[in-house]
1. Pairs needed: first member in the range 78-101, open to solvent by 100 Å² or more (accessible area, probe 1.4 Å); second member anywhere, not acidic (Asp, Glu); C-beta distance under 7 Å; at least 6 residues apart or different chains.
2. Cβ-Cβ under 8 Å, sequence separation 6+ or interchain: first residue in the range 192-214 and of a type outside the set (Gly, Ala, Ser), partner open to solvent by 60 Å² or more (accessible area, probe 1.4 Å) and outside any loop (DSSP other than H, G, I, E, B). Which pairs?
3. For the range 185-237, name all the residues that are of a type in the set (A, V, I, L, M, F, W, C), closer than 19 Å to Val32 by Cα, open to solvent by 10 Å² or more (accessible area, probe 1.4 Å) and modelled with pLDDT under 95.
4. Only one of these is in contact with a strand residue (DSSP E or B) (Cβ under 8 Å, 6 or more places away or on another chain), modelled with pLDDT under 95 and buried (at least 17 other Cβ atoms within 10 Å of the Cβ): Ile13, Ile17. Name it.
5. Take the residues of the range 132-174 that are open to solvent by 70 Å² or more (accessible area, probe 1.4 Å) and at pLDDT below 95: which is farthest from the chain's Cα centre (by Cα)?
6. Which ones in the range 28-77 are among the charged types (D, E, K, R), free of Cβ contacts under 8 Å to residues at least 12 places away in the same chain and within 24 Å of Gln130 (Cα to Cα)?
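The values are calculated or read from the model by the stated rules, or taken from the named source; none is laboratory data. Since the model is a prediction, treat every value here as computed from it, not as a measurement. Cβ placement follows ideal geometry from the backbone for every residue including glycine, while neighbour counts extend to all protein chains displayed. Only protein heavy atoms, including side chains, enter the accessible area calculation; ligands, DNA and RNA are left aside. Shrake-Rupley method; radii C 1.70, N 1.55, O 1.52, S 1.80 Å.
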Amino acid sequence: MTYKSFNSSLFSIQKSIQNVRAILFDMDGTLVDSIPFHQEAWLRFLGNHGIHLRPEDFHAQNHGNLNEMIRRFFPHEASREKRLELGEEKEITFRKIYQPFLKEINGLTAFLEALKHHQISCHLATMGDQNNINFTLDGLRICHFFDTITGGHEVLKGKPDPEIFLKSMEKAGVNPESALAFEDSGGGIRSAKAAGLQVIGIATTHSKKELLEMGCIEAFSDFVEVLEEIKKPTVHS
């Protein structure tokens with residue numbers, strides 16, 4: 001299969017997309033189904049500091065980068081050093097909880113290999129910090145697939161602000177017309193769309209129907225389904 005036929009097959013789901021040269025991936029919930037473990041880590045961490053929340057109450061406040069969330073839950077903590085310590089404590093808690101369960105979304109490595117083979121570059125745009133990025137990419141042995149990596153520690157505003165995707169595209173040297181984003185959450189979808197990107201959803205956090213309602217051009221259960229879509233014959237009108 002040539003680059004051109006691969007590209008047109010991949011995006012036959014949305015004929016208006018042309019000349020895609022780069023794909024920007026979210027990490028948590030997109031490469032790995034880690035969102036429930038992050039929530040568990042937050043609730044455990046906050047509880048250790050005397051902040052007891054119901055899952056639904058936490059969910060309403062679960063947006064932004066790590067620094068924004070620490071400020072939200074510890075508004076009277078003036079020390080930057082202490083806020084950094086608190087953030088790292090939460091992430092250490094997450095990694096300890098998730099370590100035994102770390103696995104890729106089905107079909108991810110095969111999809112990344114297909115993109116690399118057909119010279120479509122891959123870029124990470126995640127709210128995760130560097131330690132969590134290393135934990136995930138190294139644990140899955142997929143770091144070498146990504147041409148650039150942009151983490152939440154590199155931006156001032158977290159998703160749904162578009163800063164993370166704008167910075168990722170800047171690093172990649174692409175514009176929204178030649179790129180596409182993979183996301184799983186409402187905040188991530190809004191972030192990518194605000195940066196001018198079209199978005200494909202991975203249905204971990206939300207159903208396919210919900211992802212489409214949030215603005216995705218298509219939604220899949222996993223990357224096995226994405227690859228199956230690629231393999232379908234392209235129908236020419």
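1. Going by the 7 Å Cβ cut-off, the qualifying pairs are Phe101/Phe37.
2. Val199/Lys193; Met214/Arg190
3. Within the range 185-237, just Leu227 meets the criteria.
4. Details: Ile13 fails: buried (at least 17 other Cβ atoms within 10 Å of the Cβ).
Testing whether each residue is in contact with a strand residue (DSSP E or B) (Cβ under 8 Å, 6 or more places away or on another chain), modelled with pLDDT under 95 and buried (at least 17 other Cβ atoms within 10 Å of the Cβ) leaves just Ile17.
5. Of all residues in the range 132-174, those open to solvent by 70 Å² or more (accessible area, probe 1.4 Å) come to 138, 141, 144, 147, 153, 156-157, 166, 170-171.
Filter once more, keeping what is at pLDDT below 95: 153, 156-157.
On the way: His153: 15, Leu156: 17, Lys157: 15 Å.
Taking the candidates together, the pick is Leu156.
6. From the range 28-77, those among the charged types (D, E, K, R) are 28, 33, 40, 44, 54, 56-57, 68, 71-72, 77; that's our starting set.
When the remaining residues are screened for being free of Cβ contacts under 8 Å to residues at least 12 places away in the same chain, the result is 54, 56-57, 72, 77.
Listed by number, the residues that qualify are Arg72, Glu77.
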